[in-house]
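As structure tokens, the structure follows; a few thoughts come after it.
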Amino acid sequence: MAKVSINLATGSIQEEELIVGIDLGTTNSLIAIVREDEGQRKPIALRETDGLTLVPSIIHFGPFGDVHVGQDARQHLLDAPERTIYSVKRLMGKSYHDVEDHAASFAYKVIDDHTDSLVKVAVGNQFYSPIELSAQILHQLKARAEHVLKVPVSKAVITVPAYFNDTQRQATRDAGKLAGLDVLRIVNEPTAAALAYGLGVRPDEERSIAVYDLGGGTFDISILRLSGGIFEVLSTHGDTYLGGDDFDRALVGLFKQQVPQFNTEDDATLIQELRLLGEEAKKALSHSEFFEGSIRGEKIHVHRHEFESAIRPLVERTLDSCRQALSDARLSTKDIDAVVMVGGSTRVPLVKQSVREFFVRELFDSFNPDEVVALGAAVQADILAGKNTDMLLLDVTPLSLGIETMGGLMDVLVPRNSKIPSKAGRQYTTQKDGQSAMAITVYQGERDLVADNRKLASFNLKGIPSMPAGLPKVEITFLIDADGILKVSAKELRSGVAQSISVKPQYGLTDEEVEQMLMDSLLNARKDMQARALVEASTEAEQMLLTTENFLQKNRNLLSEEEMNRTLSQMNTLRVALSAKEKNQIQAATEALNDICRPFAERLMDSALSEAMRGTKVL
Ligand code: AMP
């Protein structure tokens with residue numbers, strides 16, 4: 001039986017639960033729902049009275065504390081650039097350090113504090129986090145949906161790029177919470193686009209697809225494997241600074257040749273006017289062969305073929321990314337069964353033609369490319385609301401996740417490319433007698449030494465009861481939920497002492513950084529292996545020295561003078577090898593010391609045993 005609820009505010013009856021799908025985009029955002037239409041469930045983007053479905057992802061802070069979002073904010077890009085915030089998505093989950101190379105490209109002030117803490121945006125004397133700013137956009141979308149649907153909206157599915165890491169996903173979820181939305185699921189944008197077309201929904205369906213997403217400022221290509229209702233991201237590639245804006249700039253370049261008398265230096269308004277005219281021309285050229293316009297009384301004109309020559313190198317760059325993504329997924333174009341087009345810039349005829357020729361496939365492009373991700377999010381919402389066949393959405397982790405162990409080594413619990421949701425656990429123990437706390441530090445990356453990887457979080461498991469070293473059993477569990485958010489828990493199994501955290505990483509990674517980290521790990525594989533071997537040998541040697549010292553302190557009487565000297569001298573040899581950091585010498589000296597000490601241990605056991613047998617000491 002369907003659940004029915006009555007909205008007390010409006011008096012309307014709401015059948016079942018309404019969950020909306022939201023595409024929180026860099027340039028535009030929008031909200032969609034699934035509706036019953038002639039017996040079929042169909043996703044539609046919500047349209048306000050303005051007739052538009054897209055809400056520009058722009059926030060303007062007025063001088064009197066008034067906040068405007070979307071179309072109303074857009075007009076202030078020209079008159080109050082320092083109070084008008086765009087492209088917030090680029091800042092989500094990032095530190096200033098992550099974005100400093102691009103900070104100058106924002107017309108507003110990104111706080112230039114050279115630390116690893118999360119970035120903020122300054123407007124007047126107020127500071128806003130990207131989470132708060134995104135929440136403003138989400139709040140506007142929620143209000144729009146409530147206005148159109150006349151029911152309260154409190155549950156949502158929000159999409160993020162496939163390469164978003166834990167911090168960025170968590171930041172998106174937090175923004176939703178701040179906007180009064182219960183975010184039921186974070187879904188990858190390419191997965192949503194495929195869902196919009198109903199791809200991968202049938203349980204017997206097996207195919208590989210490419211999702212080509214060219215927006216205003218970013219390009220992403222994702223290769224997905226759809227199998228038995230499961231969506232697996234095989235690879236992603238792209239360019240975080242390539243999109244329709246570059247096409248506009250290419251046109252501005254052509255215009256400037258036609259009006260050389262205009263001096264754009266120091267004339268921000270002229271630059272903006274040219275850019276807006278460039279965008280207008282670009283859009284016109286998507287359906288016409290020729291564009292004519294004017295700027296400050298001067299005529300300009302451009303042919304589609306001129307535009308195409310100007311942007312061809314940019315389109316070629318997107319195809320290079322496609323090649324890379326295919327090679328990462330170990331597939332070739334003939335393995336791809338379908339190509340889904342996403343993003344406003346895929347309307348450019350040269351883009352469509354180039355992608356079609358590259359993959360030699362017909363394109364899935366019948367939906368509005370600006371809306372397709374939100375439509376897919378709505379389909380996912382519909383599935384979650386139980387109105388569609390249930391499906392599991394499976395993604396993979398872009399980098400390995402692990403913890404720091406002795407000597408600064410990375411112990412991987414969840415290897416890169418693991419399917420999520422996933423769970424992994426391993427047992428650890430203490431190094432020192434009576435150790436009551438254990439520091440657990442979580443890292444992300446492919447290198448053997450944690451120092452070369454990225455620290456995500458750390459916490460202390462406290463209250464371990466006093467036990468000799470090696471006796472406590474601390475089980476560490478990594479749980480990555482369906483949204484790709486990592487929860488780490490630690491439990492000492494003998495005492496039951498437990499603690500857990502949701503990883504709130506200190507800062508995010510761009511997809512370039514992920515790539516860089518993977519490259520580094522390949523280039524340094526040999527060096528890392530040697531470093532790991534040295535750390536392992538040294539750790540074992542130090543443990544051996546410690547045990548021997550303890551033994552000598554307590555059991556001197558069991559050893560002859562000569563044995564004592566031999567042991568001390570071998571301990572010295574080992575210390576020298578340790579300080580020389582010579583792995584082979586360390587191993588040889590450790591073994592030699594072990595050989596010397598083994599008979600002493602046996603002797604100790606014998607003496608303990610005979611004392612026990614005499615009844616002088618109870619074991
Ligand atoms: P998105 O980020 O997906 O919303 O894409 C926005 C980009 O699509 C902007 O660069 C727009 O200028 C571009 N765009 C929108 N409509 C068209 C069109 N008809 N032809 C070419 N580009 C377009």
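Values as computed for the structure displayed
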{"item": "Förster radius 60 Å - calculated FRET efficiency between Leu276 and Thr477 (Cβ-Cβ, nearest 0.05)", "result": "0.65"}
{"item": "Formal net charge of residues neighbouring Ser569 (Cβ-Cβ distance under 15 Å; K, R +1; D, E -1)", "result": "-3"}
{"item": "Virtual spin-label span in nm between Ser154 and Glu562, 7 Å along Cα→Cβ", "result": "8.5"}
{"item": "Phi to ³J(HN,Hα) by Karplus 6.51 cos²θ - 1.76 cosθ + 1.60 over region 172-184, Hz, x for Gly, Pro", "result": "5, 4, 5, 4, x, 4, 5, 8, x, 10, 8, 8, 6"}
{"item": "Amide proton proximity set for Ala469, modelled H, under 5 Å, gap of 5+", "result": "Asp433, Gly434"}
{"item": "Calculated FRET value between Ser117 and Tyr241, using beta carbons and R₀ = 35 Å, to 0.05", "result": "0.90"}
{"item": "Local electrostatic count, Pro349, Cβ distance below 9 Å [Lys/Arg +1, Asp/Glu -1]", "result": "+2"}
{"item": "Where Arg173, Arg526, Arg35, Arg447 fall by accessible area, highest first, once all protein chains stay in place (1.4 Å)", "result": "Arg526, Arg35, Arg173, Arg447"}
{"item": "Accessible surface ranking that places the most exposed of Phe290, Phe367, Phe551, Phe231 first, with a 1.4 angstrom probe", "result": "Phe290, Phe367, Phe551, Phe231"}
{"item": "Cα-projected label distance for Glu205 with Lys432, points at 7 Å along beta-carbon direction, nm", "result": "5.8"}
{"item": "Two-site label geometry, Lys527 and Arg356: point separation in nm, points 7 Å out along Cα→Cβ", "result": "4.9"}
{"item": "Long-range amide H partners of Gly238 with built H, under 5 Å", "result": "Ile221"}
{"item": "Coordinate range along principal axes, alpha carbons of region 527-613, Å, largest first", "result": "54, 24, 17"}
{"item": "Partner aspartates and glutamates for Lys583 [C-alpha distance under 14 Å; skip if fewer than 8 residues away on the same chain]", "result": "Asp528, Glu536, Glu540, Glu542, Glu591"}
{"item": "J(HN,Hα) series, region 19-36, from Karplus relation 6.51 cos²θ - 1.76 cosθ + 1.60, nearest Hz, glycine and proline x", "result": "10, 9, x, 10, 9, 8, x, 5, 9, 10, 10, 7, 10, 9, 9, 9, 10, 7"}
{"item": "Whole-Hz couplings from phi, Karplus 6.51/-1.76/1.60, listed for region 402-410; x for Gly and Pro", "result": "x, 10, 7, 10, 3, x, x, 8, 8"}
{"item": "Taking only Cα atoms of region 243-331, radius of gyration then Dmax in Å", "result": "15.7, 55"}
{"item": "Helix-only mean residue ellipticity at 222 nm for the chain, each DSSP H run of n ≥ 4 adding -39500 (n - 2.57), per residue, nearest 500", "result": "-12500 deg cm²/dmol"}
{"item": "Long-range amide H partners of Gly62 with built H, under 5 Å", "result": "Val67, His68"}
{"item": "FRET efficiency estimate (nearest 0.05) - Cβ-Cβ, Glu602 to Ala424, R0 45 angstrom", "result": "0.70"}
{"item": "Per residue Cα convex hull volume in Å³ - calculated over region 184-283", "result": "134"}
{"item": "Electrostatic dipole magnitude of the chain [Cβ: Lys, Arg +1; Asp, Glu -1; Cα centre; debye, to 20]", "result": "1520"}
{"item": "Taking only Cα atoms of region 202-366, radius of gyration then Dmax in Å", "result": "18.5, 64"}
{"item": "For the chain, accessible area per residue (1.4 Å probe, heavy atoms of protein chains only), Å²", "result": "48"}
{"item": "Percent carbon-and-sulfur accessible area, the chain, ignoring ligands, DNA and RNA, probe 1.4 Å", "result": "51"}
{"item": "Pairwise Cα inverse-distance average, inverted: Kirkwood Rh of region 90-171 (Å)", "result": "14.4"}
{"item": "Radius ratio Rg over Rh of the chain, counting only Cα atoms, Kirkwood formula for Rh", "result": "1.09"}
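The values are calculated or read from the model by the stated rules, or taken from the named source; none is laboratory data. Quick caveat, the model's predicted, so the values are computed rather than measured. Don't worry about glycine lacking a Cβ; one is built from the backbone with ideal geometry, like all the others, and counts go over all protein chains shown. For accessibility, only protein heavy atoms count, side chains too; no ligands or nucleic acids. Shrake-Rupley method; radii C 1.70, N 1.55, O 1.52, S 1.80 Å.
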